[in-house]
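The values are calculated or read from the model by the stated rules, or taken from the named source; none is laboratory data. Source: prediction; values computed, not measured. Note that we place each Cβ from the backbone using ideal geometry, even for glycine, and neighbour counts take in every protein chain shown. Calculation scope for accessible area: heavy atoms of the full protein, side chains included, ligands and nucleic acids excluded. Shrake-Rupley method; radii C 1.70, N 1.55, O 1.52, S 1.80 Å.
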Amino acid sequence: IDKPISPREALFRVGSAAFACFGIGTVHLVTGFGLQCPFRAVTGWLCPFCGGTHLAEALIRGDVAGAWSANPLALVLGGFIGIRALGWALELVRNLQGPSRRWLPASWSRHWFGAFVVVSVVYVLVRNLFPLA
């Protein structure tokens with residue numbers, strides 16, 4: 001169930017996700033075309049990923065404050081994932097081809113999905129019930 005993956009596979013997955021996210025942001029920046037959030041369309045509430053396109057756009061323009069205002073949770077998670085990706089890159093450079101656990105405690109990897117769900121639900125509630133603006 002919780003099989004560790006190689007640094008190469010981890011970097012491929014993170015790179016693919018980053019490419020897709022920044023690709024969507026670039027398309028929106030250039031053309032104005034964006035994807036509508038189905039959760040927001042149905043409920044009227046912002047989901048944990050709402051603002052992601054604007055976050056990517058802001059980062060492409062170099063506007064970190066704009067990225068923060070678009071979606072602070074996604075920006076922080078992206079930073080943590082970026083740091084972790086650097087760890088995988090170091091493992092890859094040092095030729096460690098086996099499963100990667102060095103940069104993340106085993107207890108975290110066992111419970112990452114549950115923690116993500118809890119943080120996401122709390123974030124959605126706080127973001128929608130107590131808006132800053």
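The residues Leu129, Leu59, Leu35, sorted by heavy-atom accessible surface at 1.4 Å with ligands and nucleic acids left out, run Leu35, Leu129, Leu59 from largest to smallest. Of the whole protein surface, Ile24 contributes about 70 Å² of accessible area at a 1.4 Å probe radius. Applying D = kT/(6 pi eta Rh) to segment 1-63, where Rh is the Kirkwood radius over alpha-carbon pairs, T corresponds to 25 °C and eta to 0.890 mPa s, the Stokes-Einstein value obtained is 182 µm²/s. Set the Förster distance to 35 Å, then compute FRET efficiency between Ile5 and Trp68 from the Cβ-Cβ distance, nearest 0.05. Working from the Cβ atoms, E equals 0.70. For His28, the accessible area of its heavy atoms, probed at 1.4 Å with every protein chain present, is near 40 square angstrom. For Trp45, the accessible surface of its heavy atoms amounts to roughly 90 Å² (probe 1.4 Å, protein chains only, rounded to the nearest 10).
Taking the convex hull of the Cα atoms, report for segment 45-85 its projected area averaged over all directions, in nm².
Result: 2.8 nm².
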